[in-house]
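Visitor: One structure coming up, written as structure tokens, with questions to follow.
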Amino acid sequence: MGRITTVVEDLVFGEVTITLDSAEGSVEVNGDRLPRTTLRRDPGKEPTSWPPIGTSDPNALTLTIDGMGGPPPLSRGYVNRRTYTVRFPDGGRTYRLVPHDVTQSYLIRDKVRLGKLLVSPGGGRVAPAKWWSSSKVLPVEAALGYALAVALGTGGKRSEGGSGGSAGETVLEILSFWP
């Protein structure tokens, strides 16, 4: 797909520039009020067709926030295949990107919903995140949310035959807040 740069006018953090390079396997997020955040696929890792960054293997990704980097404390979630968890042991924080519906995902800090993110399939169009003011979202959290959403995709498939309020979705919703 190549390199796509999108500028988003975030209502809380102002102008955010997001660059997805699916061929190289990288996502970079930066803005006046956000730290430069990069999630990069290791050069030796053979890319897959999904997600947009080319892999969801945490051992093949490097996360850099404001120049500080290393392998991200990223793991696939146990809720479903489209849930991703990032744990920062030093700060004691856990972040989850959890599907909300077919197209959107929640960014959750520990058990608090920070906001909702929407990225078109392939990462070409990014909507401004909807942050909950009561959650007191930090700039680094917003940058991490955008990077994860663009790199790994948002949304998830609804359960077969279920409408918006199926029992299965209720269980997934409850489990998304499980430690």
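Visitor: Yes or no: Arg125 surrounded by fewer than 16 Cβ atoms within 10 Å (Cβ to Cβ) and modelled with pLDDT of 75 or more?
Guide: Yes: the conditions hold for Arg125.
Visitor: Determine which single condition Glu46 fails, assuming it passes every other condition in (1) within 16 Å of Glu141 (Cβ to Cβ); (2) without any contact (Cβ under 8 Å) to a residue 12 or more places away in the chain.
Guide: Tallying (1) within 16 Å of Glu141 (Cβ to Cβ); (2) without any contact (Cβ under 8 Å) to a residue 12 or more places away in the chain, Glu46 fails exactly one: (1).
Visitor: Considering (1) open to solvent by 10 Å² or more (accessible area, probe 1.4 Å); (2) assigned to a strand (DSSP E or B); (3) at pLDDT 90 or above, say which one Lys45 fails and leave the rest.
Guide: So the condition that Lys45 fails would be (2).
Visitor: Would you mention how many residues in the stretch 9-42 are open to solvent by 10 Å² or more (accessible area, probe 1.4 Å) and over 16 Å from the mean Cα position of the chain (by Cα)?
Guide: Of the residues in that region, 11 qualify.
Visitor: Do you know which of the residues in the stretch 105-121 that are surrounded by fewer than 19 Cβ atoms within 10 Å (Cβ to Cβ) and closer than 20 Å to Pro51 by Cα is modelled with the highest pLDDT?
Guide: Across the stretch 105-121, the extreme among qualifying residues is Leu118.
The values are calculated or read from the model by the stated rules, or taken from the named source; none is laboratory data. The structure displayed is predicted, hence computed values, not measured ones. Glycine gets a Cβ as well: all are built from the backbone with ideal geometry, and neighbour counts include every protein chain shown. Calculation scope for accessible area: heavy atoms of the full protein, side chains included, ligands and nucleic acids excluded. Shrake-Rupley method; radii C 1.70, N 1.55, O 1.52, S 1.80 Å.
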